[in-house]
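Please treat every number below as a calculation from the coordinates, not as lab data. Keep in mind the model is a prediction, meaning the values are calculated, not measured.
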C-alpha cells in the first residue's frame, strides 16, 4: 500500500482555518471599532445639535426676560399714572364740595357769632370763634346740624371772653363734612 502522509495537509488546513479565523476576528474587530466610532460621531452630533438648540433657547429667554422687565416697568408707570389720575379726579370732584361747605359755614353763622379760625383735616372741620352768649353757640350748633353738607357738630370747649363783652364766650367745635346723597349723585353726573 502506498504511504500517504496527511499530516502536512491537516497542518495546512489548520493553518488556513487559523488564518481565516484571525481574518474574521480582525474584520469583526475592525467592524466593531467602526461601529463604535460611527456611534460616537452620531452621539456627538446629537449632543452638538442639542447644545445649539439649548443656546438658541437661552438667547431667546434672555430676550424675553428683557421684554418682561420692560413690560413690568411699563405696568409700574401705568399704575403710577392711574394713581395720579385718580388723585386729580378726586381733587376735581371735591372742588365743588369745598365751595358748598364754605357756603354752608357762612349761611349757618347766626348774628353775634364770628369765626377766628377754621381748619379742615380730611372730613372734619375745626372751628374756633367768639359768640356774644351761650345761646348763640347753641344756635350755631343747631344750624350746623340742620345743614345738608355738615353733620355731627361737637362742642369741644367754651370759655368766657370778657374782652369781647360781659357774656361773650370763645368756643372750639368740630363738625363733619357730609355731602347729601341727592346733591352728590346729580352733581357728578
- Query: Gaussian network model of the chain, Cα springs within a sub-10 Å range: biggest mean-square fluctuation belongs to which of 46, 67, 167?
  - Reply: 46
- D for region 17-88, whole µm²/s, Stokes-Einstein with Kirkwood Rh over alpha-carbon pairs at 25 °C and 0.890 mPa s: what number? 138
- Query: For all pairs of alpha-carbon atoms in the chain, what percent lies in each bin of width 10 Å, listed from the first bin to the last filled one?
  - Reply: 7, 17, 12, 8, 7, 6, 6, 6, 5, 5, 5, 4, 4, 3, 3, 1, 1, 0
- Query: Counting alpha carbon pairs within less than 8 Å and at least 6 residues apart, what relative contact order, in whole percent, applies to the chain?
  - Reply: 14
- Cα coordinate range in region 88-188, projected on the principal axes (Å, largest first): 48, 23, 18
- Note on the structure: Under the helix-only model (-39500 (n - 2.57) for each DSSP H run of 4 or more, divided by the residues of the chain), the mean residue ellipticity at 222 nm, to 500 deg cm²/dmol, is -24000 deg cm²/dmol
